[in-house]
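J.: Take a look at this one; I'll ask things after.
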Amino acid sequence: MKQIIECVPNFSEGRDKSKIDQIVKTIESSGVQILDVEMNPDHNRAVLTFIGEPEAVLEAAFNATKKAAELIDLTKHKGEHPRIGATDVIPLVPISNISNEECIELARRLGKRIADELGIPVYLYEMAATRPDRENLANIRKGEFEGLSKEIETNPDRYPDFGPPKIHPTAGATVVGVRFPLIAYNINLNTSDVSIAKNIAKAIRFKDGGFRYAKALGFELKEEGIAQVSINMTNYLGTPLYRVFEMVKLEAQRYGVSIKESEIVGLVPEKALIDTAVFYLQLNRFNENQILEHHLRGTAKKESLFDFLSQLADATPTPGGGSVAALQGALGTALLSMVTGLTLKKTDDQELRNFHGNLRLMVSEFYKLIEEDKNAFDGVMMAYRMPKGTEDEKNIRARVIEDALKKATKVPLNVCEKIMGIYPYAQILLNKGLKTAVSDVGVAIYTLHSGFLSARANVFINLPSISDTDFVNSTKTNIEELTNKEGLFYQELEREFSRLQ
């Protein structure tokens, strides 16, 4: 499968649409896909989002930085949002089949090229940072363009990672890095008193004792006559949206004001909104498979078997053995459904007619588990990509990894359970199915047995990495009981099939 990176460059221009249109056109010409363009006149800032393969993303980011340097003059720029460059920050976000380490190397390449070819000093931040104090973007932006212009040449602590210690006269400096998917989240208040927004921002941001993965500032939106708490949610798994919203609402009440509205700038991971809905609706037993659109998307985007095999053959972790186990369950069940249908054409057996529809339904259930297993393991890999620079980050990362591993264990366990539910149909068909199709029943039995063993292996492979002993012990007990029952059932089916051959 292709390596995919998301890039979310921020430009110091939010009022002149013609300039941003030119930057967008430059990005599009580099062979990437633009996903979103957001402009804010009060912040005087634009946030663009695009995705693509690594080399195309680097080329698009460089070309956009070059175009922004031609169009944006920071000596004439005024806006609420802190900034040090025409292209202020270029985050790279690993999305598919690419590691943090690979993205960090790409960020370094991009930073060096911007400095060498455009004469713009570059700083590395977040996961790509070369120094602990530069992991936080706010530290690099301290003093903004005006302050950095004075210090970059005289203060060694402000020397850039790439390029000489000299500010570009109009384009300033640029920050490049690698980070977890970020949510730009603003909460607007029913007041024009910006001091209230600033106090609330201080209460929720991490550096002042607030939430671990929240960065916040208070701004005045003059055109609307209100104050805004502008928040960067740097890890929505560690600090969910709803928790920050509730805290802002509580803090606002202290000052006798309320929330007017909130907004998301740019794109947001689907899970962040699902988690918020689950919290507010108290959907304690909710499963994401209950979302209608998930099924509609699955129907609309069903891939061919050849597409699946091509992906399976790629040197990528997913799809993998768990998806193959689910596919085996689907293949064995589909064969039994075929034999049932053929038999019903010859004889109107009520028992066969009663379970024919169940078999067709179970084929679909196994098919869903192919994608579920892939998504579950993708979740594990995303959890391992979470930052681990501090003890808090390590603890949150460990918790998210644990939850992801449990989910990755439950999917193949579900495959085992479903296969056990199919065996009785195979036994009936050995007795009632068309004799000319008995070999198909036998193939189904062998395929289901292989699927069970394959899924069982995927259950056990995850357990050593899970620290929850209650979960591990109960899972082991469950799978061992299933294994004993499956072994007896399979031996009986194989003996009966051998007798009929």
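J.: Out of region 45-74, which residues are at pLDDT 95 or above and of a type in the set (S, T, N, Q)?
T.: Of everything in region 45-74, those that are at pLDDT 95 or above and of a type in the set (S, T, N, Q) turn out to be ASN63, THR65.
J.: Here are the criteria: (1) among the hydroxyl-bearing types (Ser, Thr, Tyr); (2) closer than 26 Å to ASN100 by Cβ; (3) assigned to a loop (DSSP other than H, G, I, E, B). Tell me which single one TYR123 does not satisfy.
T.: Failing condition for TYR123: (3).
J.: Something else now. Do the conditions hold for LEU137, that is, is it crowded, with 21+ Cβ neighbours inside 10 Å, more than 25 Å from GLY31 (Cα to Cα) and modelled with pLDDT of 95 or more?
T.: no
J.: A follow-up question, please. Contact list please: Cβ distance under 7 Å, first residue in region 236-265 and under 11 Å from ILE200 (Cα atoms), second residue surrounded by fewer than 19 Cβ atoms within 10 Å (Cβ to Cβ) and not small (Gly, Ala, Ser), pairs at least six apart or on different chains.
T.: VAL248/ILE259; LYS249/ILE259; ALA252/ILE259
J.: Here are ALA272, ALA277: which of them is part of a helix (DSSP H, G or I) and touching a residue at least 60 places away in the same chain (Cβ under 8 Å)?
T.: ALA272
J.: Hey, does region 346-369 have a residue that's hydroxyl-bearing (Ser, Thr, Tyr), in contact with a His (Cβ under 8 Å, 6 or more places away or on another chain) and over 26 Å from THR318 (Cβ atoms)?
T.: No, region 346-369 contains no residue that is hydroxyl-bearing (Ser, Thr, Tyr), in contact with a His (Cβ under 8 Å, 6 or more places away or on another chain) and over 26 Å from THR318 (Cβ atoms).
J.: Could you give every pair whose Cβ atoms fall below 6 Å, whose first residue belongs to region 33-54 and is within 17 Å of LYS17 (Cβ to Cβ) and touching a residue at least 40 places away in the same chain (Cβ under 8 Å), and whose second residue is in a strand (DSSP E or B) and among the hydroxyl-bearing types (Ser, Thr, Tyr), counting only separations of at least 6 or pairs across chains?
T.: ASP36/THR49
J.: A follow-up question, please. Being surrounded by fewer than 16 Cβ atoms within 10 Å (Cβ to Cβ) and either more than 30 Å from GLN350 (Cβ to Cβ) or in contact with a helix residue (DSSP H, G or I) (Cβ under 8 Å, 6 or more places away or on another chain) (or both) is true for just one of ASP392, ASP440. Which residue is that?
T.: ASP392
J.: In addition: Quick one: in region 181-197, which of the residues that are closer than 28 Å to SER96 by Cβ and either in contact with a Leu (Cβ under 9 Å, 6 or more places away or on another chain) or in a strand (DSSP E or B) (or both) is modelled with the highest pLDDT?
T.: For region 181-197, the residue satisfying everything is TYR185.
J.: Then there is this: Specify the residue that is nearest to SER364 (Cα to Cα); the eligible residues are those in region 304-326 that are without any contact (Cβ under 8 Å) to a residue 60 or more places away in the chain and not small (Gly, Ala, Ser).
T.: Taking the candidates together, the pick is LEU305.
J.: Does VAL472 fit the bill of being among the hydrophobic types (A, V, I, L, M, F, W, C), in contact (Cβ under 8 Å) with a residue 24 or more places away in the chain, surrounded by 17 or more Cβ atoms within 10 Å (Cβ to Cβ) and in the same structural domain as ARG353 (by TED's automatic domain parsing)?
T.: For VAL472, the condition - among the hydrophobic types (A, V, I, L, M, F, W, C), in contact (Cβ under 8 Å) with a residue 24 or more places away in the chain, surrounded by 17 or more Cβ atoms within 10 Å (Cβ to Cβ) and in the same structural domain as ARG353 (by TED's automatic domain parsing) - is not met.
J.: If you don't mind, there's one more thing I want to ask. When region 84-117 is examined, which residues are found to be in a helix (DSSP H, G or I) and of a type in the set (Gly, Ala, Ser)?
T.: The answer is ALA107, GLY111, ALA115.
J.: Among (1) more than 26 Å from GLU224 (Cα to Cα); (2) within 24 Å of the chain's Cα centre (by Cα); (3) not hydrophobic (A, V, I, L, M, F, W, C), where does ASP36 come up short?
T.: (1) is the only condition that ASP36 fails.
J.: Could you tell me whether region 38-59 includes any residue that is assigned to a helix (DSSP H, G or I), surrounded by 21 or more Cβ atoms within 10 Å (Cβ to Cβ) and not basic (Lys, Arg)?
T.: yes
J.: Determine which member of the set GLU365, GLU351 is within 41 Å of the chain's Cα centre (by Cα), surrounded by fewer than 22 Cβ atoms within 10 Å (Cβ to Cβ), part of a helix (DSSP H, G or I) and acidic (Asp, Glu).
T.: Step by step, each of GLU365, GLU351 is checked, and only GLU365 is within 41 Å of the chain's Cα centre (by Cα), surrounded by fewer than 22 Cβ atoms within 10 Å (Cβ to Cβ), part of a helix (DSSP H, G or I) and acidic (Asp, Glu).
J.: Suppose we filter GLY321, GLY341 for residues that are closer than 16 Å to VAL459 by Cα, of a type outside the set (Ser, Thr, Tyr), out of contact with any Cys (no Cβ under 7 Å at 6 or more places or on another chain) and not assigned by TED's automatic domain parsing to the domain that holds ILE95; which single one remains?
T.: Result: GLY321 is the single residue among GLY321, GLY341 that is closer than 16 Å to VAL459 by Cα, of a type outside the set (Ser, Thr, Tyr), out of contact with any Cys (no Cβ under 7 Å at 6 or more places or on another chain) and not assigned by TED's automatic domain parsing to the domain that holds ILE95.
J.: Separate question: For region 135-143, check the following and say yes or no: at least one residue is in contact with a Lys or Arg (Cβ under 6 Å, 6 or more places away or on another chain) and at positive phi.
T.: No.
J.: Looking at this structure, is TYR236 within 23 Å of the chain's Cα centre (by Cα), crowded, with 22+ Cβ neighbours inside 10 Å and in a loop (DSSP other than H, G, I, E, B)?
T.: So TYR236 fits the description; yes.
J.: A further question follows. Taking only region 134-152 into account, find how many residues are assigned to a helix (DSSP H, G or I) and closer than 18 Å to ALA216 by Cα.
T.: Of the residues in region 134-152, 7 are assigned to a helix (DSSP H, G or I) and closer than 18 Å to ALA216 by Cα.
J.: Evaluate the following for PHE306: is it among the aromatic types (Phe, Trp, Tyr), in the same structural domain as VAL400 (by TED's automatic domain parsing) and either more than 25 Å from GLN427 (Cα to Cα) or not in a helix (DSSP H, G or I) (or both)?
T.: When the stated conditions are applied, PHE306 passes them.
The values are calculated or read from the model by the stated rules, or taken from the named source; none is laboratory data. Treat the numbers as computed from the prediction; the structure is a model and nothing was measured. Note that we place each Cβ from the backbone using ideal geometry, even for glycine, and neighbour counts take in every protein chain shown.
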